[in-house]
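Data first, discussion second: the structure below is written as structure tokens.
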Amino acid sequence: MKKTTLYNIHEKLGAKIVEFAGFLMPVQYSSIIAEHKAVRNSVGVFDVSHMGEVFVTGEKALDFVQHITINDASKLIPGRVQYSAMCYPDGGIVDDLLVYKISDTQFMLVINASNTEKDFNWMLQNNKFVVKLENKSDEYSLLAIQGPKSKDTLQKICDKELDLEYYNFFEAKIAGYDMIVSRTGYTGELGFEIYFKGDDKIAEEVWNKIFEAGKEFDIQPVGLGARDSLRLEMGFCLYGNDIDQTTNPLEAGLGWITKLSKENFIGKDALLKVKSNGLKRKLISLSSDEKAFPRHGYDLTVDSKKIGTITSGTVSPVLEKPIALGYVESEYTNGNSKINFFIRGKEIPAKIVKLPFVKK
């Protein structure tokens with residue numbers, strides 16, 4: 001198992017450590033609900049150094065990114081970030097990712113921790129543009145500072161005005177160290193991500209300075225548990241749960257990042273066919289007023305007939321009621337169907353709702 005540069009900090013804080021994506025990671029420190037509410041109400045810090053960073057460099061860098069991703073990276077200018085995905089030729093999803101345009105000849109692709117090796121090999125296999133591909137995942141630490149007080153916290157130790165618009169980034173010094181600072185986020189709150197190099201000592205110094213800056217806001221460390229419940233309240237997909245190689249972006253509700261008018265990219269032909277034939281199933285969002293805990297893998301039913309499967313589920317700490325994402329047969333997605341969570345042999349009434357579950 002790998003450890004991030006902040007592993008010792010997590011141990012000192014008494015975090016519950018679990019194996020995740022080949023790393024020993026903190027799943028919670030105090031409680032998932034308390035950490036979740038800290039991010040919604042003030043500010044929390046996530047160690048997400050397990051994420052992967054791949055740099056694409058060369059005259060044909062844009063051509064490569066356009067070929068391997070489904071969104072239109074030609075719309076990016078330096079300093080902009082784009083949410084995208086990579087697909088297999090059959091339209092199945094290799095991974096979802098963030099595309100950072102550093103310059104006309106360099107991009108940074110931020111990929112999911114559990115897919116880093118697979119994704120990098122996929123890029124190497126499809127590098128027909130002979131660009132330079134570097135997997136620098138082990139060189140970078142990555143912290144996400146999220147919540148309404150995240151800007152007030154970071155501004156104290158940043159040498160630039162944190163006036164970043166959503167899905168933008170710049171280079172700056174934070175706590176005296178060179179960083180890539182971005183504003184994307186996986187929580188639905190105001191938030192920033194900081195990418196930096198350095199050993200355990202540097203990472204711990206950065207962590208401690210952030211916590212000093214956020215002390216007046218009761219800043220809290222946040223683990224993977226609350227990260228999952230926060231993203232689910234927003235309806236954000238998680239690879240391995242809501243999307244994977246057996247799902248395509250159109251049925252997953254990612255048509256907005258699937259630019260079928262773009263010149264040939266991997267998976268385009270299959271996705272055009274899927275669109276032409278019509279979707280057989282769709283990812284929907286459900287909530288219930290009943291007491292229940294929908295979980296990944298549970299059935300979704302109508303009149304005791306299975307019509308789909310829950311991919312992500314929890315009890316929302318903000319709404320205090322069950323919420324879930326799941327795939328169902330397309331005929332049941334019009335909002336009139338009386339869909340149920342099937343839990344321990346019992347049908348629990350649910351209803352289709354619009355995302356996000358928690359309105360911001």
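Here are the numbers:
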item: Residue selected from region 109-133 under the condition part of a strand (DSSP E or B) and surrounded by 14 or more Cβ atoms within 10 Å (Cβ to Cβ), by the criterion farthest from the chain's Cα centre (by Cα); result: Leu133
item: Pairs where the first residue, in region 314-343, is within 30 Å of Ser31 (Cβ to Cβ) and the second is surrounded by fewer than 16 Cβ atoms within 10 Å (Cβ to Cβ) and aromatic (Phe, Trp, Tyr), C-beta under 7 Å, 6+ apart; result: Val315/Phe293; Pro322/Phe293
item: Residue in region 290-300 that is surrounded by fewer than 16 Cβ atoms within 10 Å (Cβ to Cβ), under 23 Å from the mean Cα position of the chain (by Cα), more than 30 Å from Phe129 (Cα to Cα) and not hydrophobic (A, V, I, L, M, F, W, C) present; result: yes
item: Scan of region 326-360 for residues that are in a strand (DSSP E or B), surrounded by 12 or more Cβ atoms within 10 Å (Cβ to Cβ) and among the charged types (D, E, K, R), ordered by number; result: Glu329, Glu347, Lys351
item: Residues of region 51-87 classified as closer than 21 Å to Gly255 by Cβ, out of contact with any helix residue (DSSP H, G or I) (no Cβ under 8 Å at 6 or more places or on another chain) and of a type in the set (Ser, Thr, Tyr), total; result: 1
item: Of all residues making up region 1-17, the number that are under 13 Å from His50 (Cα atoms) and surrounded by fewer than 18 Cβ atoms within 10 Å (Cβ to Cβ); result: 3
item: Criterion: part of a loop (DSSP other than H, G, I, E, B) and touching a residue at least 40 places away in the same chain (Cβ under 8 Å) - qualifying residue of Pro249, Pro221; result: Pro249
item: Positions within region 155-187 being in contact with a helix residue (DSSP H, G or I) (Cβ under 7 Å, 6 or more places away or on another chain) and of a type outside the set (Val, Ile, Thr), in sequence order; result: Lys156, Leu162, Ala175, Tyr177, Tyr186
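Residue-by-condition table, conditions (1) surrounded by 20 or more Cβ atoms within 10 Å (Cβ to Cβ); (2) within 24 Å of the chain's Cα centre (by Cα); (3) among the β-branched types (Val, Ile, Thr):
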{"position": "Leu143", "(1), (2), (3)": "yes, yes, no"}
{"position": "Pro148", "(1), (2), (3)": "no, yes, no"}
{"position": "Lys156", "(1), (2), (3)": "no, no, no"}
{"position": "Glu161", "(1), (2), (3)": "no, no, no"}
{"position": "Ile174", "(1), (2), (3)": "yes, yes, yes"}
{"position": "Gly188", "(1), (2), (3)": "yes, yes, no"}
{"position": "Gly191", "(1), (2), (3)": "yes, yes, no"}
{"position": "Glu216", "(1), (2), (3)": "no, no, no"}
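Residues checked against (1) without any contact (Cβ under 8 Å) to a residue 40 or more places away in the chain; (2) of a type in the set (Lys, Arg); (3) not assigned by TED's automatic domain parsing to the domain that holds Leu224:
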position: Asp96; (1), (2), (3): no, no, yes
position: Val99; (1), (2), (3): yes, no, yes
position: Asn115; (1), (2), (3): no, no, yes
position: Asn121; (1), (2), (3): yes, no, yes
position: Val130; (1), (2), (3): no, no, yes
position: Ala144; (1), (2), (3): no, no, no
position: Ser150; (1), (2), (3): no, no, no
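The values are calculated or read from the model by the stated rules, or taken from the named source; none is laboratory data. Remember, it's a predicted structure, so these values are computed and weren't measured experimentally. Please note: Cβ atoms are built from the backbone with ideal geometry, for glycine as well, and neighbour counts cover all protein chains shown.
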